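Below: one structure, written as structure tokens.
The values are calculated or read from the model by the stated rules, or taken from the named source; none is laboratory data. As the structure is a computational prediction, the values presented were derived from the model and not from experiment. Glycine gets a Cβ as well: all are built from the backbone with ideal geometry, and neighbour counts include every protein chain shown.
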Ligand code: DC
């Protein structure tokens, strides 16, 4: 069967990864969560005292970038891949609010973006991939056959994220999560390198009032239509 590349971009906590995972599973494709890669570099920077707690030493972080080895490892039980930072499973730690508070700062560093974008391009060289992030349809795979741009109101997104964090046992307030979501939106959309923006040929998908099943079905149908058209030679 013809394989395609699927790029899913959008604001934080729009449920990109949930849909991307389901789509990859249904199509037998690889799923890559690029946010996890930016989060892992952020954790590395925090552990070394390069960001967070009012401190900042971007130069030192950039110098140490070659020492960072990122790898995804598939977890059979969970049914998805977990992030390894220099061999250590950091899947839970990279999802904490502390990391979320620092990640946009790290994600705007040009050298970090270059390193991660190159890795992402390599991962998708064979197609058959669903990748989610902020710049996948614009920078990583500008030729992706299917591009989706997901949006939802900041309040809905903050509420989803707040519930997720509570379920994981983090003590957070809805107000702080909302502030973090709004702050990340602002930094992600206004940064100089690869800001978050909808690719011209992306399908905009507002899921504020849409259930998971409907979202999945719509996207799966988009993908099947493109795959079938490729097979029959209709573009
Ligand atoms: O998708 P996420 O919330 O886990 O992403 C974490 C942060 O990483 C987000 O605030 C922006 C950044 N990011 C990015 O700049 N480019 C990507 N392709 C993916 C994430």
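Quick notes on this structure:
- Being assigned to a helix (DSSP H, G or I) and either touching a residue at least 40 places away in the same chain (Cβ under 8 Å) or in contact with a strand residue (DSSP E or B) (Cβ under 7 Å, 6 or more places away or on another chain) (or both) is true of residue 222.
- If the condition is being within 20 Å of residue 75 (Cβ to Cβ) and in a strand (DSSP E or B), then region 1-57 contributes 30, 31, 32, 33.
- Residue in region 133-145 that is within 14 Å of the ligand (Cβ to nearest atom), in a strand (DSSP E or B) and within 25 Å of residue 26 (Cβ to Cβ) present: yes
- Number of positions in region 81-108 that are at pLDDT below 95 and more than 24 Å from residue 158 (Cα to Cα): 1
- Matching residues in region 92-109 - criterion: being touching a helix residue (DSSP H, G or I) at 6+ places or on another chain (Cβ under 9 Å) and away from the ligand (no atom under 12 Å from the Cβ): 93, 98
The rows are residues; the columns are (1) in a helix (DSSP H, G or I); (2) touching a residue at least 40 places away in the same chain (Cβ under 8 Å); (3) under 14 Å from the mean Cα position of the chain (by Cα); (4) within 13 Å of the ligand (Cβ to nearest atom).
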residue	(1), (2), (3), (4)
148	no, yes, yes, no
158	yes, yes, no, yes
166	yes, no, no, no
170	no, yes, no, no
176	yes, yes, no, no
180	yes, yes, no, yes
185	yes, yes, yes, yes
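- Some residue of region 197-205 being buried (at least 20 other Cβ atoms within 10 Å of the Cβ), within 15 Å of the ligand (Cβ to nearest atom), in contact (Cβ under 8 Å) with a residue 24 or more places away in the chain and under 17 Å from residue 10 (Cα atoms): yes
- Residue in region 32-50 that is over 21 Å from residue 187 (Cβ atoms), out of contact with any helix residue (DSSP H, G or I) (no Cβ under 9 Å at 6 or more places or on another chain), more than 16 Å from the ligand (Cβ to nearest atom) and at pLDDT 95 or above present: yes
- Count of region 187-219 residues, restricted to those that are assigned to a helix (DSSP H, G or I), over 16 Å from the mean Cα position of the chain (by Cα) and over 21 Å from residue 21 (Cβ atoms), is 1.
- One residue stands out among those in region 1-10 that are more than 9 Å from the ligand (Cβ to nearest atom) and modelled with pLDDT of 90 or more: the one that is farthest from residue 146 (Cα to Cα), which is 3.
- Any hit, region 114-129, residues being free of Cβ contacts under 8 Å to residues at least 40 places away in the same chain and either crowded, with 16+ Cβ neighbours inside 10 Å or in a loop (DSSP other than H, G, I, E, B) (or both): yes
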